[in-house]
Amino acid sequence: MDSKTLELRLAELLTNQQFRLVTAESCTGGLVADRLTNIPGSSSYFIGGVVAYAYEAKVALLGVSWDTLNTKGAVSKETVLEMARGVRKVLDGELAVSVSGIAGPGGGTPEKPVGTTWIGLVTPTGEWTRRFIWDGDRARNKALSADAALQIVIDYLEGKL
């Protein structure tokens, strides 16, 4: 990546390719949407986002199934895909990125340690997920998760997925 920030690069790609993006966030608490809206003119390519922190919000706002949450957990490949599909439908965006993770300092398990984060991307041509395990404090894990969410959309738009 050159000296451009992730959000500036993404703005350029979304504008040039005429895609509109929506977000579904859990552990990042709106940080991805915040970063997107720091760019003047972002309303031309960013429709909006949903912060769905609790299970109830994921179900009510994004259509995530209780079965998925109860069997796979909020921090899972299945959940981030359902989150992205849901926000794409609700806000009518072509591209949808979602984030769910364990920011810390508590909440980890041996199977899903603190820092475990899943990113989902749903587009007209496919669906992708990425899993990370960050090792920072809460603020750093949230920032790294937001970076990863922006990067997966960039990768898609640059034909790297």
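The values are calculated or read from the model by the stated rules, or taken from the named source; none is laboratory data. Bear in mind that the values here come from a model prediction, so they are computed numbers and not experimental data. Here the Cβ is made from the backbone with ideal geometry for all residues, glycine too, and neighbour counts use every protein chain on show.
Checking each residue in segment 124-146 for being buried (at least 20 other Cβ atoms within 10 Å of the Cβ) and under 15 Å from the mean Cα position of the chain (by Cα) picks out Asn141, Lys142, Ser145, Ala146.
For beta carbons closer than 7 Å, sequence separation of 6+ or different chains, a first residue in segment 144-161 that is among the small types (Gly, Ala, Ser) and modelled with pLDDT of 95 or more and a second that is in a helix (DSSP H, G or I) and crowded, with 18+ Cβ neighbours inside 10 Å, the qualifying pairs are Ala146/Leu31; Ala146/Val32; Ala146/Arg35; Ala149/Val32. Of all the residues that make up segment 1-42, how many are farther than 18 Å from Gly120 by Cα, among the small types (Gly, Ala, Ser) and in contact with a helix residue (DSSP H, G or I) (Cβ under 8 Å, 6 or more places away or on another chain)? Within segment 1-42, residues that are farther than 18 Å from Gly120 by Cα, among the small types (Gly, Ala, Ser) and in contact with a helix residue (DSSP H, G or I) (Cβ under 8 Å, 6 or more places away or on another chain) number 3.
Quick one: count up the residues across segment 43-77 that are hydroxyl-bearing (Ser, Thr, Tyr) and surrounded by fewer than 18 Cβ atoms within 10 Å (Cβ to Cβ). Final tally of qualifying residues: 6. Scanning segment 15-30 for residues that are of a type outside the set (Phe, Trp, Tyr) and either surrounded by fewer than 15 Cβ atoms within 10 Å (Cβ to Cβ) or over 16 Å from the mean Cα position of the chain (by Cα) (or both) turns up Thr15, Asn16, Gln17, Gln18.
Among the residues of segment 103-120, those that are over 13 Å from Gly136 (Cα atoms) and either touching a Cys at 6+ places or on another chain (Cβ under 7 Å) or surrounded by fewer than 23 Cβ atoms within 10 Å (Cβ to Cβ) (or both) comprise Gly107, Gly108, Thr109, Pro110, Glu111, Lys112. Given the structure, is Gly49 touching a residue at least 60 places away in the same chain (Cβ under 8 Å) and within 14 Å of the chain's Cα centre (by Cα)? Criteria not met by Gly49.
Checking each residue in segment 142-161 for being of a type in the set (Gly, Ala, Ser) and either touching a helix residue (DSSP H, G or I) at 6+ places or on another chain (Cβ under 9 Å) or assigned to a helix (DSSP H, G or I) (or both) picks out Ala143, Ser145, Ala146, Ala148, Ala149. Applying the condition of being in contact with a helix residue (DSSP H, G or I) (Cβ under 6 Å, 6 or more places away or on another chain) and of a type in the set (Val, Ile, Thr) to segment 88-122 and asking which residue is farthest from Asp147 (Cα to Cα) yields Val122. Going residue by residue through segment 95-117, is there one that turns out to be in contact with a Gly (Cβ under 6 Å, 6 or more places away or on another chain), over 28 Å from Phe19 (Cβ atoms), without any contact (Cβ under 8 Å) to a residue 40 or more places away in the chain and not aromatic (Phe, Trp, Tyr)? Yes; the residues of segment 95-117 include at least one that is in contact with a Gly (Cβ under 6 Å, 6 or more places away or on another chain), over 28 Å from Phe19 (Cβ atoms), without any contact (Cβ under 8 Å) to a residue 40 or more places away in the chain and not aromatic (Phe, Trp, Tyr).
A count restricted to segment 78-102 and to residues that are of a type outside the set (Ser, Thr, Tyr) and either touching a His at 6+ places or on another chain (Cβ under 8 Å) or buried (at least 22 other Cβ atoms within 10 Å of the Cβ) (or both) stands at 14.
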